[in-house]
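First comes the structure, then the notes that go with it.
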Amino acid sequence: MLRRASMLLARRPILAARARPFSTDLPAAPSADATFTEAWTKVIPNMDPPKTPLSFMQPRPPTPSSIPSKLTVNFVLPYASELATKEVDMVIVPATTGQMGVLPGHVATIAELKPGVLSVHEGSEVTKYFVSSGFVFIHANSFADIIAVEAVPLDRLDVNLVQKGLAEFTSKLSSATTDLEKAEAQIGIDVHSALNSALTG
Amino acid sequence: MAMAALRREGRRFAPLISPRPITAVRSSPLYPTLEDEGPLGLRHISTQVVRNRMKSVKNIQKITKAMKMVAASKLRAIQTKTENSRGLWQPFTALLGDLPSADVKKNVVVTISSDKGLCGGINSTSVKISKGLHKLNSGPEKETKYVILGEKAKAQLVRDSKKDIELIITELQKNPLNYTQVSVLADEILKNVEYDALRIVFNKFQSVVSFVPTVSTVLSPEVIEREAESGGKLGDLDSYEVEGGETKGEILQNLAEFQFSCTMFNAVLENACSEQGARMSAMDSSSRNAGDMLDRLTLTYNRTRQASITTELIEIISGASALEG
């Protein structure tokens, strides 16, 4: 028990002295949390205020006056960061309104994605992924954040399974009774037909 | 060695000798020692009590060491997942900013804790922060509700905030954590709880010995619109064009829900990592403590043993010299 206490006491000053060089997230300027910190210390003076995500994020560069030559793309999935601040020429995203091409200097946009093919163009090479759905944020400083729930490279898809799935969901739709079942079957059909066109087209 | 053999022989023949009346027990303040009856009426101090304590302390040391190994292996498995999921909440904070001080009427505090104990103080810190947020956001017309994930927070919050608890969810880590499970959970919470702001309280995993209590705020679409109109940090949200959907409001609704499930996923993973790390350090200090205790007990044991041998020798020698002279 005494050792725990001494470890705790020794831990704090060491952490304050070094700027935590081994942590994976770098602290940004926490000026944005000032109101929260003040309000907290007034009401609960004994405890340190909790940290907020802003202190763990690297700040984004401001909007440049001229259009930059490259687009910086962050493509994240729940279980991996596929592309992290990668500089590319163009990306084509499957938005709900259709395939949308994003170039550097694109107007700031928030778009929802539907199941379809995402292609990343860097120089002469093109990488294609099939994304299930998600969001894309295009910021004014030529940063694009693509957040998808699932994404697979196209060569990992099996044509036969896609056809089977499509047939299965079509039959489910015709035999569906409640609205929920109809909606689920419709979603299945949408995804599988998108997969189909991705593989053929 | 010879004494031990004599003692053992004595015990075997004990039933043949008529038992002497048992003398009064002489106990020392720290370790109550009992007096045994030997074969020739010899009295020696028993080391049985100390030996029992040593055995149990050694077992405890083994168990806590094993628990530390188990926690270390679980930590390794879940740490890679957590680090991969860290990119998930950053785009949302980049777009919508982070407004923990937003003034809203209906606050919901989602407290994430562990189901199992023996993990140090992380659950108590989460509960203290949640209660702090409740106090911070109290005022006329404002209300704060709790959604609890995990048994440990439930045990602490049920005691004094029972009427404020909306949902309790336990046994989260029965199956390995994945996004589907967390998104279903997020869906349940969003369906059953009315909210203007959701505050997720969890312990962020900095390193194996450092866990930082963190609160992530997710605002409802109405509050986002309100903050965007009033300018300030979300002021340039209006400059973003919204593609697709019927109205901007619909897209913002989907966005808020997606943001909630993504931040929840990251929060749950970080908390699981912190739990394993805290358990590792708790079990480590516990086994070190048991080792110290074992050392002290061994010294006491040896002293008791030597004292009893000395007593026997003195009695024999004084008996022999009494016979001679």
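A short reminder: the numbers here are calculations on the coordinates, not readings from a lab. Note that this is a predicted model, so its numbers are computed, not measured. All Cβ positions, glycine included, derive from the backbone under ideal geometry; neighbour counts span all protein chains shown.
Assorted remarks:
- In range of the label at B:SER124: residues from the range B:153-168 whose backbone nitrogen is under 20 Å from the point 7 Å along Cα→Cβ: B:153-161
- Diffusion constant of the range A:157-198 at 20 °C, which comes from Stokes-Einstein with the Kirkwood Cα-pair radius and 1.002 mPa s, µm²/s: 211 µm²/s
- Electrostatic bookkeeping for B:SER124 treats Lys and Arg as +1 and Asp and Glu as -1; over the other residues with beta carbon under 12 Å from its beta carbon, the sum is +3.
- Computed from backbone phi, the HN-Hα couplings of the range B:52-66 come to 4, 4, 4, 4, 5, 5, 5, 4, 4, 4, 5, 5, 5, 5, 5 Hz, rounded to whole numbers (Karplus: 6.51 cos²θ - 1.76 cosθ + 1.60, θ = phi - 60°; Gly and Pro given as x).
- Over all Cα atoms in the range A:76-190, the spread is summed up by Rg and Dmax: 16.3, 51 Å.
- Spread of Cα-to-Cα distances over 10 Å intervals beginning at zero, given as percent, for the range B:233-325: 12, 15, 13, 11, 10, 9, 8, 7, 6, 4, 3, 1
- Sum of side-chain charges, B:LYS105 neighbourhood, beta-carbon under 11 Å (Lys, Arg +1; Asp, Glu -1): -4
- Using every pair of separate Cα atoms, the Kirkwood estimate puts the hydrodynamic radius of the range B:126-239 at 16.2 angstrom.
- Counted charge near A:GLY123, where neighbours are those whose Cβ lies closer than 13 Å (Asp, Glu -1; Lys, Arg +1): -2
- For the range A:157-198, the relative contact order is 49 percent, taking Cα pairs closer than 8 Å that sit 6 or more residues apart in sequence and dividing their mean separation by the residue count.
- Whichever aspartates and glutamates have a C-alpha closer than 12 Å to that of B:LYS145, once near sequence neighbours (fewer than 8 apart) are set aside: B:ASP164, B:GLU166, B:GLU194, B:ASP196
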